[in-house]
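Down below is the structure, laid out as structure tokens.
The values are calculated or read from the model by the stated rules, or taken from the named source; none is laboratory data. What you are looking at is a predicted structure, and each value in this text was computed from that prediction instead of being measured. In this analysis, Cβ positions are derived from the backbone assuming ideal geometry, glycine residues included, and neighbour counts consider all displayed protein chains. For accessibility, only protein heavy atoms count, side chains too; no ligands or nucleic acids. Shrake-Rupley method; radii C 1.70, N 1.55, O 1.52, S 1.80 Å.
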Amino acid sequence: MSILTINNLKVHYPIRGGLFRRKIDVVRAVDGLSLELQRGETYGLVGESGSGKSTTGRSIIGLEEITEGEITFEGQNLSELRYRDRKEYYKDIQMVFQDPYSSLNPKKRVKDLIAEPIRNFENRSKEEELKRVQELLEIVGLSPEVTYKYPHEFSGGQKQRLGVARALALNPKLIIADEPVSALDVSVQAQVLNFMKKIQKDLNLTFIFISHDLGVVRHMCDRIGIMYNGRFVEEGTAEDVYENPQHIYTKRLVAAIPDIDPENRKEQAAFRRQVKEEYKETEHNYFDENGSVFDLKPVTDTHYVALP
Amino acid sequence: MKYQLESKEVMSMTENALLSATNVKTSFRIGDDYYAAVDGVTLTVNNNEVVAIVGESGSGKSALAFSILGLHDRFKTNLEGEIYLNGTDLTSVSTGKLNQIRGKDIGMIFQDPLTALNPLKTIGDQIVETLNLHTKLTAKEKYERSIHLLKEVGIPRAENVHQQFPHELSGGMRQRVVIAIAIACDPALLIADEPTTALDATIQSQILDLLNELKEEKDAGIILITHDLGVVAEMADRVAVMYAGQIVELADVFSLFRNPLHPYTRSLLSSVPSVKDEKEMLHVIEGVVPSLPKMPRQGCRFKDRIPWMEDNVHEEHPELREVENGHYVRCTCYKHFYFPEEEEELAHVDTNY
């Protein structure tokens, strides 16, 4: 059984103006997105800024008001439940934020930062709580000595580990990582990515990995969904998307990835120009008259593309 | 043919380079002491050449760029060495003269376009500001010039954008505006400090194309500061890898990627997740770049981050030596360097969660 199913999710923000701040228009941040997630897999949500990938992540853990659609987690439709009942499920879904520098309260010690979710959901004595915090620190590869330190005493990679430790505090089943390495240096990035792969294997976690870095996504994810204007343009396994992109938008995105080998520079530039030409010529075939994306159609068993 | 190119390059390096920095040492005051963030860097940039400076944060690459422009606080920094731009020593000229050079002879593209632009002024005014300082054009000519610049960096509807404010534009557009300002007076040298780090992949490739065009058409020299090795591979002609304030490896881009020598360069290259080849785990460089006061000043500065290497492979006073034509490496440890087999980093992680 799939752990998470999203059915036709829509998140619209009202634009208010005019007399009495009436609703004059809406921004369609997410506009009809469906997704099914199997236990233990890593799903990559890719797109440029403004494509709605973060909004999707945030609405899964209930940080956004859903306009339409259903989010089903382990067989339970979350949008049907009252907030009080939903809380139970939110224990199992946790989030790791983009910027470790601003997602940790600088006035709190490590112990209090990590214990916060435990205090919210579980009744533990002080000793039990401390024990759990130190267990978590060990899982993320930090020594128990750091328990009483403050966030500024850590490096970027270590801070991101604290963010992960906090997300792990309640034994979640699903972790949503919103650009977890974008703010980090390459060497630190490698550290955090390795470590996330490792805990996923050990704890059988399901990940939603939101990123605009296609290299990182390729490294981490089993399946990938490419988003544009709040909808999927293409969905498939990493190979489907990278080796055999079908939608023109995906092609352009894949072509834009810098090649690490300078010897291929000329071919890469030529290829990019060619894709750009193709984009100009055939763009209208891939979008309807309002410029929005078509519904996904299967190409192979795993590969779906938004075609007319 | 490639060999000929390289030898020509070496010739021009020694003769008339656009920018030649010799033994630049920039020290910041912390407490009562000065600590060198850039420690003896020698670098040349020629016309029509992109020199990339690569390194982690804290390796001194931005500090070097700011030294060239003289943007450091003069009361808190100590700048030694010589920086010649077309025969003028930038380290010894007055602030007034330096103001004439900045923006005219040297253009700077900053990392974050939102903080580099004034939120209270229109885009047009900000471009004209540079023209006011450095040219004697009439108001009408300035307007036309600024429209022309906006078109040149690929902004559609330039007349409209001219009257807009920075917050009305997207990130990619803002970065284009910053580039338009930087190239307003056709600078001979362009310093781009992480110009695409904050941008999406497609916009990144457009900005890089734009920089390439500038290089070709205006014959400009570009210093490209970045930690993205993909960008380096696409753009650079020569690459300087910096660690802890020093250049540890300097080579043309082809030899650097074909045959990286210094352990730091090799570690950086193997820590990048690649789209092409699948590897389960990435290489992790142990530890962090040491903070300024704690930076080792003796011996190989990278030593602490490759602890599995024995001490005697390092030189006592590592120097940048030419090992191949145009390929310079610091310290002797590169000859013996190897990667440890398994990741000790994660070995102690508890598995019975």
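Percent of alpha carbon pairs in the stretch A:138-272 separated by more than 21 Å?
Tail fraction, whole percent: 51.
Kindly write out, for the stretch A:94-109 in residue order, the coupling ³J(HN,Hα) from the Karplus curve 6.51 cos²θ - 1.76 cosθ + 1.60 (θ = phi - 60°), rounded to whole Hz, with x marking Gly and Pro.
10, 10, 10, 8, 5, 9, x, 6, 10, 8, 10, 5, x, 8, 9, 7
Could you give the size of the charge dipole of the protein assembly as shown about its Cα centre, using +1 on the Cβ of each K and R and -1 on the Cβ of each D and E, expressed in debye and rounded to the nearest 20?
Its charge dipole is roughly 2100 debye.
In the stretch B:31-140, which chymotrypsin sites (Phe, Trp or Tyr not before Pro) fall in coil by DSSP and have 11 or fewer other Cβ atoms within 10 Å?
Passing both the DSSP loop test and the Cβ count: B:75.
Distance between Cα centroids, the stretch A:58-90 to the stretch A:209-239: provide it in whole Å.
The distance from the Cα centre of the stretch A:58-90 to that of the stretch A:209-239 comes to 23 Å.
Provide the packing ranking of B:326-334, A:259-267, i.e. peptides ordered by the mean count of other C-beta atoms within 10 Å per residue, highest first.
B:326-334, A:259-267
In nanometres, what is the gap between the two model label sites at residue A:23 and residue A:38, each 7 Å from Cα along Cα-to-Cβ?
So the two model labels end up 3.9 nm from each other.
Using all C-alpha to C-alpha distances in the stretch B:118-186, build P(r) with 5 Å bins and read off the rounded percent in each one.
3, 20, 34, 26, 13, 3, 0
For peptide B:189-199, what's the mean number of Cβ atoms from other chains within 10 Å of each residue's Cβ?
Mean inter-chain Cβ contacts per residue within 10 Å come to 1.
Mean-square fluctuation check for chain B, GNM, Cα pairs under 10 Å: which of B:160, B:23, B:212 is largest?
Largest GNM mean-square fluctuation: B:160.
Taking the 0 to 90 degree range and rounding to the nearest ten, how far is the long axis of helix A:265-286 tilted relative to the main principal axis of chain A, both from C-alpha atoms?
Compared with the principal axis, the helix lies near 70 degrees.
Could you check the spin-label model distance between residue A:77 and residue A:171? Points 7 Å from the Cα along Cα→Cβ, value in nm.
Rounded to a tenth, the inter-label distance reads 3.0 nm.
Per Stokes-Einstein, at 25 °C and 0.890 mPa s, what whole-number D in µm² s⁻¹ belongs to chain B, with the Kirkwood radius over Cα pairs as the hydrodynamic radius?
Result for D is 113 µm²/s.
Taking the Cβ-Cβ separation of residue A:91 and residue A:201 as r and a Förster radius of 30 Å, what is the calculated FRET efficiency to the nearest 0.05?
Efficiency for this residue pair is about 0.85.
May I ask you to give the solvent-accessible area per residue for the stretch B:118-186, in square angstrom, as obtained with a 1.4 angstrom probe?
On a per-residue basis, the stretch B:118-186 sits at 50 Å².
What are the equivalent ellipsoid semi-axes of the stretch A:123-195, built from the alpha-carbon gyration tensor (square roots of five times its eigenvalues), in whole angstrom, biggest first?
Semi-axes, largest first: 23, 15, 9 Å.
Between B:32, B:193, B:219, where does the largest GNM mean-square fluctuation fall for chain B, given springs only between Cα atoms within less than 10 Å?
B:32
Which entries of A:266/B:104; B:25/B:294; A:111/A:198 have Cα-Cα distances beyond 25 Å here?
A:266/B:104
Within 10 Å of each Cβ in peptide A:188-199, how many partner chain Cβ atoms are there on average? Round it to a whole number, please.
6
Relative contact order of chain B: what whole-number percent is it, with Cα pairs under 8 angstrom and at least 6 residues apart?
That works out to 20 percent.
For chain A, set up a Gaussian network in which alpha carbons nearer than 10 Å are linked by springs, and say which option among A:298, A:172, A:245 fluctuates the most.
Evaluated over chain A, the most mobile residue of the options is A:298.
Taking 0.36 nm per residue of separation and subtracting the Cα-Cα distance, what length does fully extending residue A:222 through residue A:302 add?
27.7 nm
Provide the percentage of antiparallel DSSP beta bridges, counting only those with both residues in chain A; round to the nearest 5.
65
Below 15 Å, Cα to Cα, which aspartates and glutamates can residue A:107 reach? Residues fewer than 8 away in the same chain don't count.
Straight-distance partners of residue A:107: A:116, A:153.
Treating the angle as unsigned and between 0 and 90°, give the value, to the nearest 10°, between the Cα long axis of helix A:156-168 and the longest Cα principal axis of chain A.
Its long axis makes an angle of about 80 degrees.
Write out the GluC sites (Glu not before Pro) in the stretch A:64-114 meeting two conditions: DSSP loop, and at most 10 other Cβ atoms within 10 Å of their Cβ.
For GluC sites (Glu not before Pro) across the stretch A:64-114 that sit outside H, G, I, E and B with at most 10 neighbouring Cβ atoms in 10 Å, the list reads A:65.
In peptide A:211-217, what is the residue-averaged number of other protein chain Cβ atoms found within 10 Å of each Cβ?
Partner-chain Cβ atoms within 10 Å, mean over residues of A:211-217: 4.
For chain B, with only Lys/Arg (+1) and Asp/Glu (-1) charged at the beta-carbon, what is the dipole magnitude about the Cα centre, in debye rounded to 20?
Result for chain B is approximately 1340 debye, rounded to the nearest 20.
State the dimensionless ratio Rg/Rh of the protein assembly as shown (Rg: radius of gyration of Cα atoms; Rh: Kirkwood radius).
Here the Rg-to-Rh quotient is 0.97.
Report for the protein assembly as shown the percent antiparallel among DSSP-assigned beta bridges with both residues inside it, nearest 5.
Rounded to the nearest five, the antiparallel share is 65 percent.
Any idea how far apart residue B:304 and residue B:92 come out in nm if each label point goes 7 Å out from Cα toward Cβ?
Between residue B:304 and residue B:92, the label points sit 3.7 nm apart.
Would you mind checking which residues have amide H under 5 Å from residue A:304's amide H? H placed 1.01 Å from N; only 5 or more apart, or other chain.
So residue A:304 has HN proximity to A:235, A:236, A:299.
Of the beta bridges DSSP finds with both residues in chain B, what % are antiparallel, to the nearest 5?
Antiparallel: roughly 60 percent of the beta bridges in chain B.
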